[in-house]
1. Where a Cα-Cα gap under 13 Å defines reach, which aspartates and glutamates qualify for K261, not counting those fewer than 8 residues away within the same chain?
2. Give or take rounding to whole Å, what are the principal axis extents of the alpha carbon atoms in segment 342-501, in descending order?
3. Semi-axes of the equivalent ellipsoid of segment 577-663: what are they in whole Å, largest first, if each equals the square root of 5 times a C-alpha gyration tensor eigenvalue?
4. Mind checking the angle between helix 20-29 and the chain's longest principal axis? C-alpha axes, 0 to 90 degrees, to the nearest 10.
5. Highest first, please rank the peptides 364-373, 48-57, 205-214 by the mean number of other Cβ atoms sitting within 10 Å of their residues.
6. If Lys and Arg each add +1 and Asp and Glu each add -1, what is the summed charge of the other residues whose beta carbon sits under 15 Å from the beta carbon of P132?
7. Any chance you could check the Cα centroid distance between segment 144-210 and segment 402-421 for me, in angstrom?
8. For M406, list long-range residues whose amide hydrogen, built 1.01 Å from N in the peptide plane, is under 5 Å from its own amide hydrogen.
Amino acid sequence: MNVMDIFETMEYGPAPESATPALQWIKEHQPFGLFINNQWVAPTSGQYLESINPANGKPLAQVAAANSADVDAAVAAARAAFESWGKTPGHVRARYMYAIARHIQKHSRLLAVLESLDNGKTIRETRDLDIPLVARHFYYHAGWAQLMSSELPGYEPVGVVGQIIPWNFPLLMLAWKIAPAVAMGNTVVLKPARYTSLTALKFAEIVQEVGLPAGVVNILTGEASQVGEALVRHPDVNKIAFTGSTDVGRSIRRATAGSGKKLSLELGGKSPFVVFDDADLDSVVEGVVDAIWFNQGQVCCAGSRLLVQEDVADSLISKLRVRMEKLRLGDPLDKAVDMGAIVSPGQLKEIQRLVAQGVEEGADMWQPSWACPTEGYFFPPTLFTNVSPATTIAQVEIFGPVLVSMTFRTPAEAVALANNTRYGLAASVWSENINLALDVAPKIKAGSVWINCTNMFDASSGFGGDRESGFGREGGKEGLYEYVRPAWEAQERSKQASSTNGAATPGDKALHGTQPVLSGDDDEQANGHNVWRAGDESGFTAALPPIDRTPKMFIKGKQVRPDSGYSRDVVDPQQRVIGQVGEGNRKDVRNAVEAAHAASGWAAGTTHNRAQILYYIAENLEVRENEFARRIVQQTGRPLADAHEEVQAAISRLFSYAAWADKYEGAIHRPPLRGVVLAMNEAIGVIGMATPDEYPLLGFVSLVAPAIAMGNTVIVIPSQRSPLSATDCYQVFETSDLPDGVVNIVTGERDALCQVLADHEDVDAMWYFGSADGSKQVELASAGNMKRTWVNYGHARNWLDSEQGEGEEFLRESTQVKNIWVPYGE
Ligand code: NAD
């Protein structure tokens with residue numbers, strides 16, 4: 001026997017991490033209470049749930065089963081704490097966050113072992129990845145607490161935040177939630193997943209240790225139906241941050257619709273792992289191991305779909321099988337084990353069910369020859385080949401160690417396959433050709449793209465999804481905005497508190513109170529508003545009847561008749577008919593969506609070009625200032641001077657977004673790795689929008705301009721009451737080189753048309769500025785394909801005010817951040 005033979009046949013010896021300190025800690029604390037107001041309290045129900053060690057199926061701990069009474073108590077504690085925590089200086093908050101990070105490091109091994117025992121994931125992962133990232137998250141956000149006042153001026157915390165997390169990265173998900181929330185001055189009530197509460201409870205102890213003020217962090221363990229739902233519905237919770245499955249995310253979207261609660265959803269995925277034929281296949285094999293067998297594949301962004309260029313597919317699959325044969329599965333506390341246990345018997349059954357379905361559907365399944373331990377919940381690494389893209393296993397998130405592989409020939413085909421699911425969470429691209437990789441990365445619908453690497457995370461680089469993978473980001477500066485709101489909102493809303501019915505308008509008392517600029521020439525308004533008569537400027541007042549100008553729809557750059565063949569009257573404030581517009585219907589909306597999709601090349605054009613076109617629109621609007629001003633007067637009865645001011649404000653706004661078009665660019669992050677992360681602000685895609693009744697021109701321009709400046713294409717339902725300012729823009733657009741389909745306008749009944757838009761599977765986001773009921777309806781309907789929504793819940797904003805009517809908020813709503821990870825070095 002030579003050295004090589006010995007090397008090949010050598011067995012691994014056991015290298016177990018001791019569980020004793022963690023088991024001792026559990027013994028001393030159980031049954032665990034609920035953590036409310038920095039106190040451990042018994043659950044109102046008197047009930048406890050068993051936490052199981054999935055590696056051996058044996059009971060590990062008793063944790064409290066909270067119910068809605070406990071949720072009430074925790075929310076009340078968080079509310080009381082918010083009064084002072086929300087006003088605590090950033091530096092003070094930073095000191096607490098820093099202390100938490102230090103204490104996590106002090107207890108790092110206990111946390112790592114607890115996590116392995118409770119979840120079944122290997123100690124290698126909890127020790128080397130989960131817990132260090134948890135500490136990093138608190139350090140990073142200590143920095144944002146310190147910098148909040150200078151870096152987020154004009155923003156304030158949201159209030160009490162309900163946070164609900166899954167079981168796959170129990171402490172890491174807690175950190176992703178609590179660190180940004182608390183850094184920004186919010187207080188939280190967090191619900192860990194049913195199976196994995198223990199590290200959250202140890203975290204509660206750390207909260208006590210560092211002396212975080214009582215009530216800032218509250219932790220409630222228990223069942224989803226008792227705690228999760230009560231938290232989601234609680235009237236005194238201002239925001240829900242949820243990580244979990246798409247189905248539950250959808251139900252939370254529906255449950256919070258219209259409530260005004262801020263919402264972020266980090267949901268499921270079916271992420272592509274794209275391998276081009278020039279990739280380094282040995283690196284690819286290690287990448288696949290990390291992508292799908294890390295944490296037993298129970299990773300939202302797991303690279304679960306292997307897409308390989310046809311000419312290297314056989315070679316890669318053989319290499320993978322060799323590697324799979326060598327993976328070690330077993331006791332999660334053994335430091336030489338690659339894969340641990342599946343979290344629960346239910347999850348194991350679900351994996352088995354989907355794998356059986358894959359076989360039934362005709363795919364070829366391959367597993368290594370070795371057997372899994374019989375005690376505990378284990379499932380071997382599994383590879384499917386000969387998979388057709390439409391089958392269940394190619395489309396559904398299995399959330400287990402199961403890889404499905406498919407082949408492609410060209411980069412375009414790779415992108416099409418990569419985007420061929422309802423998800424959009426993450427992707428990996430493998431190629432030694434950086435030109436190819438950087439060309440493909442922006443084309444894949446995903447919040448994170450890893451080039452020649454996979455499953456990379458860092459607090460500095462936001463994480464989150466597109467499409468049915470949810471909306472919102474965690475980490476990075478972009479993640480902070482999930483936990484703040486513009487300070488003007490609360491001030492404005494308290495002023496408007498008395499105005500309950502729908503959006504206030506310039507004619508409404510509420511808005512008049514805040515806008516002296518609108519109170520102009522009362523005499524003119526009182527005597528029937530007709531400050532404009534045909535021919536005013538030209539002096540041509542002869543009794544010729546005006547030439548009829550009935551606006552149609554504006555779809556694909558053309559003025560088209562409404563499908564319905566009906567028109568609706570537009571009236572002035574005295575209810576006199578001043579014109580007609582087309583009565584849009586479902587067909588018109590569908591045509592407009594199709595046109596908006598066909599114009600998607602707009603996003604790929606240069607930002608310089610988009611800026612030029614916005615300037616050009618402004619130029620052409622200016623030429624027609626008088627006409628537009630008179631139209632505003634005619635529709636609203638406001639004085640002519642006001643109307644001119646509105647037109648000028650609209651022109652200025654177009655200039656603002658022309659300016660931003662080539663300046664809202666993103667960032668480069670330097671996480672702790674050799675490489676960079678490119679945080680790119682990407683267009684969302686197709687945005688449906690209802691523009692406000694107040695300021696018919698300015699409201700329209702204030703929403704359309706940022707959306708198209710950032711590369712989106714839009715379908716606009718203009719003000720139902722005063723649509724003529726928007727329809728007058730047709731000719732401005734036509735003379736401004738705006739490509740066909742970038743802006744599409746459908747007039748008619750606002751809420752009915754918005755319902756069609758919000759239901760439409762091919763619309764990526766909905767903006768709605770109308771009534772409270774309409775806002776609710778849009779949020780409800782948008783749950784279908786998890787559209788991002790931006791609604792006003794019936795509250796007006798002062799569109800003339802540059803803080804409320806333009807700026808970063810609009811740009812942020814027009815974009816989503818894609819983080820492209822580019823490691824470098826040989
Ligand atoms: P889950 O949706 O079943 O549960 C997630 C959490 O929500 C748990 O705490 C659960 O108790 C609670 N919950 C369940 N129903 C609820 C309801 N009706 N109201 C309120 N709360 C409710 O998900 P899971 O099985 O725990 O986790 C796996 C899922 O999480 C996968 O789909 C995975 O992709 C996703 N995930 C996403 C990310 C991300 O960042 N995008 C990260 C991790 C996991």
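The values are calculated or read from the model by the stated rules, or taken from the named source; none is laboratory data. Being a predicted model, the structure only gives us computed values, none of them experimental. Neighbour counts run over all protein chains shown; Cβ positions are idealised from the backbone, glycine included. Heads up: the accessible areas ignore ligands, DNA and RNA and are worked out on the full protein's heavy atoms, side chains in. Shrake-Rupley method; radii C 1.70, N 1.55, O 1.52, S 1.80 Å.
1. K261 reaches D236, E482, E779.
2. 69, 45, 32
3. Taking √(5λ) for each Cα gyration eigenvalue gives 27, 23, 9 Å.
4. Orientation of helix 20-29: about 60 degrees from the principal axis.
5. Numbers: 364-373: 13.8, 48-57: 20.2, 205-214: 16.6.
Most protected by this proxy first, the peptides run 48-57, 205-214, 364-373.
6. Details: positive: R102, K106, R109, K121, R124, R127, R136; negative: E115, E125, D128, D130, D458.
Charge balance in the 15 Å sphere: +2.
7. Centre-to-centre (Cα) distance: 37 Å.
8. Answer set, sorted by chain and number: L306, L307, V308.
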